[in-house]
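Only the coordinates and a few stated rules stand behind these numbers; no lab work does. None of these values were measured; they are calculated from a predicted model. A quick note on method: Cβ atoms are made from the backbone with ideal geometry, for glycine too, and the neighbour counts reach across all protein chains shown.
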Amino acid sequence: MLRVLAEHFEISLGCTSDESVSDQQLDHMRQFCERIHVAQLPKWSRRARAGLALFKGQSLTEAMFTAPSLHREVQRWHQSFHFDKAIVFCSSMYPYMNPIAFRGLTKIVDLVDVDSEKWKQMSAENRFPMSWVYGREAKTVRSLERKIGRESKLATLVSDAEAQLYRTSVSPTCQVLGVSNGVDTEYFSPIPDGTEKQTQTQDTIELVFTGVLDYSPNVEGMVWFCKRIMPELRKQRDFRLKVVGRRPCSRVIELDEIDGVQVVGEVPDVRPYLHDADIAISPLKLARGIQNKVLEAMACGLPAVVTPQSAEGIDAESGKEFWIADDSNEWIESLLNLADCPNVRIETGSAARELVEQHYSWSAKMNCLVRAINA
């Protein structure tokens, strides 16, 4: 997004981080931004602020992203040269636009998803006390989403369906635009011709999952797949699964003990793992918007088996550009069919790559946002 916006605007970037940021990373970001301020938010600080939010009536989400240094710096920038417009990424960052100094400033908020719906669903799927925590978060985030609808000029969401949900259930008067995720089709591309996979034998079927591994929907999806699906698959074929992503939590790390499962964890580049795989999976039962992990796998020419939730917002046909599986039987059947038919895997991967190239490149997706900002 910054890469495209930098072609049209002068950008000041204020953000938070719970990890250290290297000089190399900052130098990379300076290609797109005139000025940058990164506020460090260690985990203990975020947890303390979340605790205070329970007594203040705030959402835990916005409290955990509060950094006084960032508040001060953004206001100082605005006093120095006055922003023309503010683009706020996610509802949790909107409180930085609360001060009187920002009244009258044109605000575009990229909500990405209707987060309150996610918390509502998580509340229904969990037991007390987490059901109460998630239910409270659903109400407080919904209040924040309504405030954004009243005060911002434009709200963008990651799909037309998500935009319609926001319009009907949160803010019927706010101007809303669906701007879906894209993928860097040059960076994520099929394995180069002439390069052989590192798969151990022709009989081995390599599966891959990529994603942040302490994010609850990813964790629940992988626990379900590894414990319910993987043992059944290995009764019939030599299936292997590599679980790739940052910050694997204890529940994910324990999956490494399951036969055929390897928890790789964080890697500097996920592409070699996508190139080495035969099939990508996304077994998420709770997912909002468009899943980048699915688009990236498709861009690499991989056939992907996904849940209906993971398929949301991707205009593809099941059995052609990817395969949708819902219950255990459908997952096992789909994966065994793809395992037995190398030609179908190749055809699905090629169709997936073509779809992503034509409809999901970042430049194509971001141009409508640039036009909306200019308007």
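For the stretch 204-359, what does the alpha-carbon gyration tensor say about shape, rounded, prolate or oblate, given a ≥ b ≥ c as the root eigenvalues, a/c under 1.5 as rounded, and a/b over b/c as prolate? Before the final figure, lay out each step's value.
Details: a/c = 1.44, a/b = 1.21, b/c = 1.19.
Rounded, because the longest to shortest axis ratio a/c is under 1.5.
For the chain, what is the relative contact order in percent, using Cα pairs closer than 8 Å and at least 6 residues apart in sequence?
On the way: 634 pairs, mean separation 47.7, N = 375.
About 13 percent, as a whole number.
Per the helix-only calculation at 222 nm, which mean residue ellipticity applies to the chain, given -39500 (n - 2.57) for every DSSP H run of n ≥ 4 and division by its residues, nearest 500 deg cm²/dmol? Kindly include the intermediate steps, with their values, before the conclusion.
On the way: 17 runs with 167 residues, N = 375.
One gets -13000 deg cm²/dmol as the mean residue ellipticity at 222 nm.
For the chain, return all DSSP H helices satisfying: extent of Cα atoms along own axis at least 30 Å; mean Kyte-Doolittle hydropathy at least -1.0.
Working: long enough: 130-151 (31 Å, -0.96).
Counting only whole DSSP H runs, the qualifying helices are 130-151.
If I stretch the segment between Gln24 and Thr173 completely, what's the gain in nm (0.36 nm per residue apart, minus their alpha carbon distance), one decimal?
Working: separation 149, 0.36 × 149 = 53.64 nm, distance 4.32 nm.
Working it through step by step, the gained length comes to 49.3 nm.
How many angstrom separate the Cα center of the stretch 238-288 from the Cα center of the stretch 42-71?
A separation of 31 Å, based on Cα centres.
Modelled label-to-label distance, Glu34 and Ser250, 7 Å Cα→beta-carbon offset: nm?
Here the answer is 4.9 nm between the modelled labels.
Once both labels are modelled 7 Å past Cα along the beta-carbon direction, what's the Glu257-Val370 spacing in nm?
5.3 nm
Taking the mean number of other Cβ atoms within 10 Å as a proxy for protection, how do you rank 204-210, 357-363 from highest to lowest?
Working: 204-210: 22.9, 357-363: 15.1.
Averaged packing, sorted descending, gives the order 204-210, 357-363.
Give the residue from Val219, Val294, Ile100 lying farthest towards the positive end of the charge dipole for the chain; charges sit on Cβ (+1 for Lys and Arg, -1 for Asp and Glu) and the dipole is referred to the Cα centre.
After comparing all options, I get Ile100.
Taking the Cα atoms of the chain, report the difference between the largest and smallest coordinate on each principal axis, in whole Å and largest first.
Extents along the principal axes, in whole Å: 65, 48, 42.
In nm, to one decimal, how far is the modelled label at Ser350 from the one at Asn337, with both set 7 Å along Cα→Cβ?
Going by the 7 Å Cα→Cβ label model, 1.9 nm.
Going highest first, how would you order 336-349, 105-118 by mean Cβ packing within 10 Å?
Result, highest mean Cβ count within 10 Å first: 105-118, 336-349.
Of the listed peptides 8-19, 268-279, what is their order by residue-averaged count of other C-beta atoms within 10 Å, with the highest listed first?
Details: 8-19: 15.3, 268-279: 17.7.
Peptide ranking by packing, descending: 268-279, 8-19.
Please compute the length gained on full extension between Arg127 and Gln236, using 0.36 nm multiplied by the number of residues separating them and subtracting their Cα-Cα distance. Intermediate values should be presented prior to the final figure.
On the way: separation 109, 0.36 × 109 = 39.24 nm, distance 3.61 nm.
Residue separation times 0.36 nm, minus the Cα-Cα distance, leaves 35.6 nm.
Would you list, by chain and number, the lysines whose Cα falls below 29 Å from the Cα of Lys242, excluding same-chain residues fewer than 8 positions away?
Lys43, Lys118, Lys197, Lys227, Lys285, Lys293, Lys320
Give, as ranges by residue number, the residues of the stretch 113-152 whose backbone N falls under 17 Å from the point 7 Å along Cα→Cβ of Phe83.
148-152
Report the full-extension gain for the segment Glu10 to Arg271: residue separation times 0.36 nm, less the Cα-Cα distance, to one decimal in nm. Don't skip to the end; give the middle numbers.
Values: separation 261, 0.36 × 261 = 93.96 nm, distance 3.17 nm.
Gain on extension, Glu10 to Arg271, equals 90.8 nm.
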